[in-house]
Amino acid sequence: VGVMYILDEPTIGLHQRDNKRLIKTLTKLRDLGNSVIVVEHDEELIRSANHIVDLGPGAGNEGGEIVCQGSLDEILKENDSLTSQYLNGTKNIPVPNKRIGVDKSKLIRIHNAHLNNLKSLNVEIPLNLLTCITGVSGSGKSTLINSTLKPLLRAKLENKVSDQLEKTSISDYEEINRIINISQSPIGRTPRSNPATYTGLFTPIRELFSGTQESRSRGYKPGRFSFNVKGGRCETCQGGGLIKVEMNFLADIYVVCDVCNGKRFNRETLEIFYKKKNIYEVLEMSVDEAHSFFKNIPVIKNKLATLIDVGLGYIKLGQNAVTLSGGEAQRIKLASFLLKGKNKENTLFIFDEPTTGLHFHDIKKLLKSFNYLIEYGHSIIVVEHNIDLIKSSDHIIDLGPYGGDKGGEVVFT
């Protein structure tokens with residue numbers, strides 16, 4: 001009694017069936033006389049709350065305000081909030097008008113998948129469309145895709161032998177040239193990694209600065225505006241803007257560099273301006289701001305448009321990779337592949353719960369990005385519990401019927 005419980009996205013990785021059990025548990029905690037605060041995107045859990053506080057209206061610089069708060073009935077009457085618009089039906093994620101049919105000549109076949117709880121499965125996964133792997137928590141979805149298909153296909157593409165999976169085999173994989181797992185791991189582990197460097201945006205921006213009249217008269221080359229080489233960067237923090245302080249027995253902490261005040265570059269570099277902004281000020285812009293700032297430079301504008309398409313208009317170009325959430329890192333990786341997307345290599349993309357941490361509105365943008373990849377001729381496999389993503393897929397393989405020993409079978413496909 002009298003305890004405040006704070007949960008951050010407790011529905012991650014939970015099937016709808018398990019969601020109900022979770023809500024029942026949280027309600028029980030509340031009824032015992034405790035306070036339960038949940039940060040959540042799941043519709044069922046939002047509808048079960050006694051009081052809702054909605055933040056926004058947008059993300060990043062465009063957020064940070066309370067848009068509305070109150071009971072579910074009060075929230076449903078609001079129309080300024082994206083959350084309330086999706087809850088009251090003003091906006092929704094529509095069921096697709098057309099599906100891509102399965103081409104029987106383009107199937108990857110997995111034979112005798114038996115790891116963990118899988119019951120010697122034979123599974124056919126269609127290519128050039130969006131396939132969703134569903135099932136209750138613990139039914140064997142990740143085992144089938146991440147522990148069986150992925151290592152087997154990678155071994156075949158690299159002409160290696162997979163010892164662990166010698167009794168399992170795959171066939172008809174020749175359509176695929178490469179396999180890419182877009183996980184939620186960080187895009188970099190140091191403060192020097194950021195969205196601009198990861199997506200290749202930083203190169204044309206540096207070339208733009210080195211092409212200004214002042215740069216040319218001083219003899220500055222694009223390398224002058226890099227924080228990975230000596231010359232233009234602040235040497236105290238080596239272009240990171242932060243200095244790592246190692247704490248004995250505790251996690252390392254980062255403090256702002258006291259020489260450049262977190263600006264990453266030395267004084268001479270910061271004296272070069274393009275359209276009245278120096279390189280530090282450009283990196284401080286959000287993707288949306290930079291999109292209008294560079295509107296006359298197609299090579300930069302197009303890359304920024306792709307980041308906006310995956311719902312990342314609010315992040316800063318130079319935002320420290322360490323501060324990006326798993327979902328943001330995943331979408332930056334997705335954007336960087338979309339930028340290369342028109343290449344002729346048939347790629348199999350694997351996503352494990354890509355809707356983690358995403359609002360209804362972001363899921364809509366994610367589906368749009370998936371459609372781009374499929375139009376380019378690639379194939380997507382998603383392990384997912386989110387109903388909106390499942391209903392938007394072309395093909396579903398459901399594992400179960402339950403979790404653990406009672407799972408590991410194909411319920412339907």
Against the condition free of Cβ contacts under 8 Å to residues at least 40 places away in the same chain, polar (S, T, N, Q) and either within 30 Å of R178 (Cβ to Cβ) or touching a Cys at 6+ places or on another chain (Cβ under 7 Å) (or both), how does N122 come out, does it pass? yes
Selection status of S217, hydroxyl-bearing (S, T, Y), over 21 Å from K333 (Cβ atoms) and open to solvent by 30 Å² or more (accessible area, probe 1.4 Å): yes
Hits in the range 38-64 - residues which are open to solvent by 80 Å² or more (accessible area, probe 1.4 Å) and more than 24 Å from the chain's Cα centre (by Cα): R47, N50, H51
Can you name the number of the only condition in (1) of a type in the set (S, T, Y); (2) more than 25 Å from N97 (Cβ to Cβ); (3) in a loop (DSSP other than H, G, I, E, B); (4) open to solvent by less than 20 Å² (accessible area, probe 1.4 Å) that T356 fails? (4)
From the list A335, A321, A329, which residue is under 30 Å from I179 (Cβ atoms), crowded, with 20+ Cβ neighbours inside 10 Å and either of a type in the set (F, W, Y) or in contact with an Asp or Glu (Cβ under 9 Å, 6 or more places away or on another chain) (or both)? A335
Those residues of the range 153-167 that are farther than 14 Å from N112 by Cα, in contact (Cβ under 8 Å) with a residue 24 or more places away in the chain and not hydrophobic (A, V, I, L, M, F, W, C) come to a total of 1
Just one of (1) modelled with pLDDT of 90 or more; (2) part of a loop (DSSP other than H, G, I, E, B) trips up I332, so point out which. (2)
Filter the range 176-194 down to residues that are among the hydroxyl-bearing types (S, T, Y) and more than 26 Å from V382 (Cα to Cα) and give me whichever is surrounded by the fewest Cβ atoms within 10 Å (Cβ to Cβ). T190
Any residue in the range 81-105 that is within 22 Å of I125 (Cβ to Cβ) and open to solvent by 70 Å² or more (accessible area, probe 1.4 Å) sitting within a Cβ distance under 9 Å of a residue that is of a type in the set (G, A, S) and at pLDDT 95 or above? List the pairs, counting only those 6 or more apart or interchain. R99/S393
Looking at E175, E235 in this structure, which one is over 26 Å from T356 (Cα atoms), part of a loop (DSSP other than H, G, I, E, B) and touching a Ser or Thr at 6+ places or on another chain (Cβ under 9 Å)? E175
T269 vs (1) out of contact with any strand residue (DSSP E or B) (no Cβ under 7 Å at 6 or more places or on another chain); (2) of a type in the set (S, T, Y); (3) open to solvent by 10 Å² or more (accessible area, probe 1.4 Å): all pass except (3)
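The values are calculated or read from the model by the stated rules, or taken from the named source; none is laboratory data. Owing to the predicted nature of the structure, the values given are computational and were not obtained by experimental measurement. Because the Cβ atoms are built from the backbone with ideal geometry, glycine has one as well, and the counts that use them run over all protein chains shown. Accessible surface areas use protein heavy atoms only, side chains included; no ligands, DNA or RNA. Shrake-Rupley method; radii C 1.70, N 1.55, O 1.52, S 1.80 Å.
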